[in-house]
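One structure is given here, and the rest of the page talks about it.
No value in this document is a laboratory result; all are computed from the given coordinates. Everything numeric here is computed off the predicted structure, so don't read it as measured data. Note that we place each Cβ from the backbone using ideal geometry, even for glycine, and neighbour counts take in every protein chain shown.
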Amino acid sequence: MSTPKVSLIVIVYRMPAQAERTLHSLGTDYQLGVNAGDYEVIVVENASDAPLGEQAATRHSGDFRYFYREETSKSPVNAINFGIEQARAPVIGLMIDGARMLTPGVVQNILRALRLSEAPVISVPGYHLGRTIQQEAVDSGYNEEVEGELLASINWPHDGYDLFDIACFSGSCAGGFFRPYSESNCLCMPRWLFDEIGGCDPRFDLPGGGNINLDMYRRACDHPQSELIVFPGEGSFHQFHGGVTTNISKKSPERQKIMEELNAQYEQLRGERFNPPEKPGITLGWIPPQALRFVQLSAKRGMVAAGRDPQD
């Protein structure tokens, strides 16, 4: 068996329907211009009362491997590190949330990015399905049923780029392509770079991993050799599934308490409050018509942040 160029690690917990869509979006009959020998998908599922299971996880086109784990921690960090141990490729991609659907050019552009830099930090922009971020939309009745109707309205997966038509920027990417992100939910880098930044820190033991995804992104971008590469024409789309911070109302005292806890843990571990990395990104890839409104929005927000009049 040939060695894949990229190992994509997907963490799953109590989200069978959402994970199935995510994994379908990683299949070779959905991703454009790639074949099964180019990449592998490693699915790591922590035990729950609503498992995805091996049959559902591996029935998609391509090289899929599945691991089911009994896990006492409420954090996915141990599952991430386990998945990395299974990876065969020299480049790893981390999808800490298995409820993130991708557009069809993500893998192809990852392979392109590997030819641009010896130390790429590859960032796929994040979106929420729905017209507003889900922690706000939930106050208006947004749920899995509403989301299913949205997906049916674009006949997904007929054209994966139509996801842009039913989505909005996630909070961590709200500034657009030309402003710093806080994280990427499809984050790729060479294994040696991942090791040099200290890997996935098991001390992030809060539910959902706390700020571990932000932490890895920040450390990777801050590495002096790394080059940030962003795909403005691709996306990672969050599905509603009862996430720790994404599907609880912003007005909820419960969510506010969770955010305070995870921010406090980050500050305790890193000695400072989290701020997005300032490293400028290299944009890569073609931009489908469906994504043009986000390019326009990004340009406007970038100009405002730079003190320039977007009407000029």
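Phi angles of segment 97-111 translate, via the Karplus equation with coefficients 6.51, -1.76, 1.60 and θ = phi - 60°, into HN-Hα couplings of 10, x, 9, 10, 7, 10, 7, x, x, 4, 5, 4, 6, 4, 5 Hz per residue; Gly and Pro are given as x. Summarising the amide proton neighbourhood of Thr283: residues at separation of 5 or more, or on other chains, whose placed amide H is nearer than 5 Å comprise Val230. Note that segment 131-137 has calculated 3J(HN,Hα) couplings of 7, 9, 4, 5, 6, 9, 4 Hz, one per residue in order, obtained from phi through the Karplus relation 6.51 cos²θ - 1.76 cosθ + 1.60 (θ = phi - 60°); glycine and proline are x. The residue among Ala220, Gly208, Phe240 whose Cα reaches farthest toward the positive pole of the charge dipole of segment 156-312, with charges on the beta-carbon of Lys, Arg, Asp and Glu, is Phe240. Take the Cβ atoms of Leu116 and Lys257, set R0 to 45 Å, and the FRET efficiency comes out at 0.60.
A Förster radius of 22 Å, combined with the Cβ-Cβ distance separating Glu149 from Ser61, puts the computed FRET efficiency at roughly 0.25. The magnitude of the dipole of segment 191-292, with charges of +1 and -1 set on the Cβ of Lys/Arg and Asp/Glu and taken from the Cα centre, is near 320 debye. Between Tyr266, Pro4, Ala87, the Cα set farthest toward the positive side of the dipole of the chain (charges on each charged residue's Cβ, about the Cα centre) is that of Tyr266. With 28 Å as the limit on Cα-Cα distance, the pairs of Lys257/Lys300; Lys74/Lys251; Lys279/Lys300 that go past it are Lys257/Lys300. Each residue of segment 69-78 is assigned a 3J(HN,Hα), and the resulting list reads 10, 7, 9, 8, 6, 7, 9, x, 4, 5 Hz, derived from the Karplus form 6.51 cos²θ - 1.76 cosθ + 1.60 (θ = phi - 60°), x at Gly and Pro.
What is the sum of charges around Arg191, taking Lys and Arg as +1, Asp and Glu as -1, for the other residues whose C-beta is under 14 Å from the C-beta of Arg191? Value of the local net charge: -3.
The charge dipole of the chain, taken about the Cα centre with unit charges on the Cβ atoms of Lys, Arg (+1) and Asp, Glu (-1), comes to about 560 debye, rounded to the nearest 20. Considering the zone a paramagnetic label at Asp29 would reach in this model (a point 7 Å from Cα along the Cα-to-Cβ line), which residues of segment 77-101 have amide N under 20 Å from it? Under 20 Å, as judged by backbone N against the label point of Asp29, lie 101 of segment 77-101.
In the chain the Cα-Cα distances spread across 10 Å bins starting at 0 as 6, 28, 39, 23, 4, 0 percent of all pairs. Amide H contacts under 5 Å for Ser170: Gly126, Tyr127, His128, restricted to partners 5 or more places along the chain or on a different chain, H placed in the peptide plane at 1.01 Å from N. On the basis of the beta-carbon distance and an R0 of 25 Å, Ser140 and Val295 show a calculated FRET efficiency of 0.35.
Sorting the segments 82-91, 271-280 by their mean number of nearby beta carbons within 10 angstrom, highest to lowest, gives 82-91, 271-280. Distant-in-sequence amide contacts of Asp63, defined by a placed amide H-H separation under 5 Å and a gap of 5 or more residues or a different chain, comprise Val41.
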